[in-house]
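Right, one structure below, let's go through it.
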Amino acid sequence: MKKRAFIIVLDSMGVGELPDAHLWHDEGSNTLGAIRNHENFYCPNLKKLGLFNIEGVGGGIDRPQGAVARAAELSMGKDTTTGHWEIAGLVSPQPMPTYPDGFPAEVIDEFEKRTGRKTLCNKPYSGTDVIRDYGREHVETGALIVYTSADSVFQIAAHEDVVPVPELYRYCEIAREILQGEHAVGRVIARPFTGEHPFTRTANRHDFSLIPPRDTMLDLLQKAGYDTLSVGKIFDIFAGKGVSEANRTSCNDEGMEITLKMQQREFEGLCFINLVDFDMKYGHRNDVPGYAAAMTAFDRQLGVFLENMRDDDILIITADHGCDPATPSTDHSREYIPVILAGKHVKQGINLGTRKSYADISATVLEYFGVDQENTAGESFLRETMSDAAFLPENAPTDRELMEAADRARRYSHTPYSHFRVGAALLTVDGEVFTGCNIENAAYGPTNCAERTAVFKAVSEGRTRFSKIAVVGGPEGGDLQFCSPCGICRQVLAEFCDKDFIIILGTPDDPHEYRLGDVLPFSFTKADLGQ
Ligand code: THU
């Protein structure tokens with residue numbers, strides 16, 4: 001089976017202030033907290049997966065289907081780039097530089113020398129005000145308007161008739177080359193405008209991101225031969241490094257539509273998705289009703305995604321920082337991010353508490369693909385959250401092959417009384433198969449079911465860790481019929497297997513998987529004996 005991982009970043013959907021939030025003036029920020037009680041918020045799928053079971057969130061349900069955690073940001077930042085890089089295993093201990101007093105002379109001089117143009121402004125400014133206040137002078141002199149903001153950005157505004165767009169982009173590339181090391185700003189941004197005073201900005205804005213200084217999970221996956229697909233801003237956030245395919249989007253809805261299409265496509269590796277509307281359209285604009293409604297819309301599309309997940313897919317839903325729309329600040333907030341892991345082989349109801357870094361996502365994804373973490377950060381939570389069936393060797397038999405093995409085992413069924421022949425094939429975690437048939441007895445009581453025969457054969461040969469069992473049965477000479485393990489066999493299985501052990505029932509042509517925990521909840525275990 002081809003393994004696939006999907007990471008969906010709900011941009012800015014933090015789940016509460018980090019312990020150091022006061023250093024960022026973000027005390028009390030809680031983005032999810034701000035929207036969850038609004039009437040526009042209805043997210044049954046996120047709830048089912050365990051969003052509200054996350055530590056510090058509150059309102060969880062009994063048996064969430066996903067494994068959940070909240071994760072702290074180790075990097076000194078609360079911007080999109082820093083957040084995503086950390087998710088991908090790259091921690092930034094130094095904050096990206098900001099320039100509240102404008103860029104230093106060494107930067108500006110070099111920029112003017114290499115572009116052959118003078119510069120104007122050079123301070124933090126609003127994008128619309130800056131062209132109103134400096135636009136005329138720019139048109140008259142040809143000097144470039146250079147400005148910044150509270151973020152780590154170097155922005156260049158120019159009239160499209162004075163500086164043609166390709167030339168402006170070339171200046172941005174020059175700036176990008178200059179702004180490295182100590183002055184490695186997050187983004188250089190081209191801000192072209194047009195018309196007459198007070199001027200209007202055009203759609204030719206373009207961002208020139210910083211190239212990640214080291215390899216991330218994307219590079220490591222790519223080097224190991226996996227696909228690294230991106231949806232939304234991901235390609236730009238990583239400046240394309242390690243990303244094999246870019247699918248840019250115009251809104252959340254389109255992002256999820258593309259993701260749903262990706263899900264239908266054949267690939268092997270990671271699909272990394274960013275949904276930016278939460279942040280751009282609602283978080284920064286302090287729009288609580290809009291944010292809540294956008295979550296509801298996402299949840300609906302998530303429902304379709306969950307339906308279509310394949311056996312070897314995992315899904316991680318997370319965020320890159322907060323942006324509480326209910327606080328006076330319109331800026332990002334320093335918050336924990338949610339981490340929700342879902343998938344067929346994900347153990348239900350695992351709560352991983354609080355993780356030290358967003359990078360645990362990267363470590364987990366790399367382990368899922370069996371790729372070495374090398375120098376990337378993070379601690380994997382894969383082993384704690386996935387059932388043994390997820391770690392089967394490549395050549396382990398398929399469900400169909402197990403059903404066929406179970407069917408073959410029926411030929412030795414000893415059934416002179418019921419004439420009902422049952423076969424079982426038990427798969428160990430190492431990929432070995434032990435088969436069994438039912439063996440009846442004239443005293444009826446001592447009859448042994450096929451499942452127990454298989455389990456006892458395996459245990460008597462020293463195997464005690466199992467991932468799946470296939471069971472088929474039917475009357476002598478008749479067709480196979482759906483045959484479900486009896487209560488005693490379920491209890492015996494529960495002795496050796498956890499709740500995520502898989503029972504395959506039906507026929508070889510139509511196998512269906514069930515979890516032991518679902519067919520035998522509340523089994524009697526050694527815990528009941530105080531052991
Ligand atoms: N049987 C099994 O082997 N496995 C089951 O899960 C259900 C029942 C056998 C026991 C007996 O030999 C025959 O089916 C009829 O009950």
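Of the trypsin sites (Lys or Arg not before Pro) in region 454-522, the ones in a loop by DSSP (not H, G, I, E or B) with at most 16 other beta carbons within 10 Å are Arg465. Based on alpha-carbon atoms, the Kirkwood radius and the radius of gyration of region 357-398 give Rg/Rh equal to 1.05. Taking a ≥ b ≥ c as the square roots of the eigenvalues of the Cα gyration tensor of region 448-487, is the shape rounded (a/c under 1.5), prolate (a/b larger than b/c) or oblate? The shape class here is prolate.
Helix 450-460 axis versus longest C-alpha principal axis of the chain: approximately 80°, rounded to the nearest ten. Rolling a 1.4 Å probe over the protein heavy atoms of the chain, with every protein chain left in place, gives an accessible area that is 49 percent carbon and sulfur. Taking every C-alpha pair closer than 8 Å and separated by at least 6 residues, the mean separation divided by the residue count of the chain gives a relative contact order of 18 percent.
Each DSSP beta bridge with both residues in the chain is either parallel or antiparallel, and the antiparallel ones are about 50%. The amide H of Lys347, built 1.01 Å from its N in the peptide plane, has Met386, Ser387 as neighbours under 5 Å, considering only residues 5 or more places off or on other chains. Rolling a 1.4 Å probe across the protein heavy atoms gives the chain an accessible surface of 42 Å² per residue.
Its residues counted as N, region 178-225 yields a C-alpha radius of gyration over 2.2 N^0.38 Å of 1.78. Taking a ≥ b ≥ c as the square roots of the Cα gyration tensor eigenvalues, with a/c under 1.5 meaning rounded and otherwise prolate when a/b beats b/c, else oblate, which class fits region 105-208? The shape class here is prolate. Over all directions, the projected convex hull of the C-alpha atoms in region 399-529 averages 8.0 nm² in area. Evaluated over the Cα positions of region 321-436, the convex hull gives a direction-averaged projected area, one quarter of its surface, of 12.0 nm². In loop segments of region 359-439 as defined by DSSP, the GluC sites (Glu not before Pro) with at most 15 further C-beta atoms inside 10 Å of their C-beta are Glu374, Glu379, Glu394, Glu432.
Counting pairs of alpha carbon atoms under 8 Å apart in space and at least six apart in sequence, what relative contact order in percent does region 105-208 give? After rounding, I find 26 percent. Under Stokes-Einstein, with the Kirkwood radius over Cα pairs as Rh, the value for region 1-103 at 10 °C and 1.306 mPa s is 99 µm²/s. In terms of Cα atoms, the Rg and Dmax of region 453-520 work out to 12.5, 35 Å. Gyration tensor analysis over the Cα atoms of region 221-278 returns equivalent ellipsoid semi-axes of 19, 14, 7 Å (largest first, whole Å). Quick one: in region 1-60, what % of C-alpha pairs are over 19 Å apart? Tail of P(r) above 19 Å: 41 percent of Cα pairs. Just so you know, the Cα atoms of the chain work out to an Rg and Dmax of 28.7, 106 Å. Helix 165-178: angle to the longest alpha-carbon principal axis of the chain, degrees 0 to 90, nearest 10? The angle comes out near 80 degrees.
The values are calculated or read from the model by the stated rules, or taken from the named source; none is laboratory data. Remember, it's a predicted structure, so these values are computed and weren't measured experimentally. FYI the Cβ positions are ideal-geometry reconstructions off the backbone, even for glycines, and counts take in every protein chain you see. All accessible areas refer to the heavy atoms of the entire protein, side chains included, with ligands and DNA or RNA removed. Shrake-Rupley method; radii C 1.70, N 1.55, O 1.52, S 1.80 Å.
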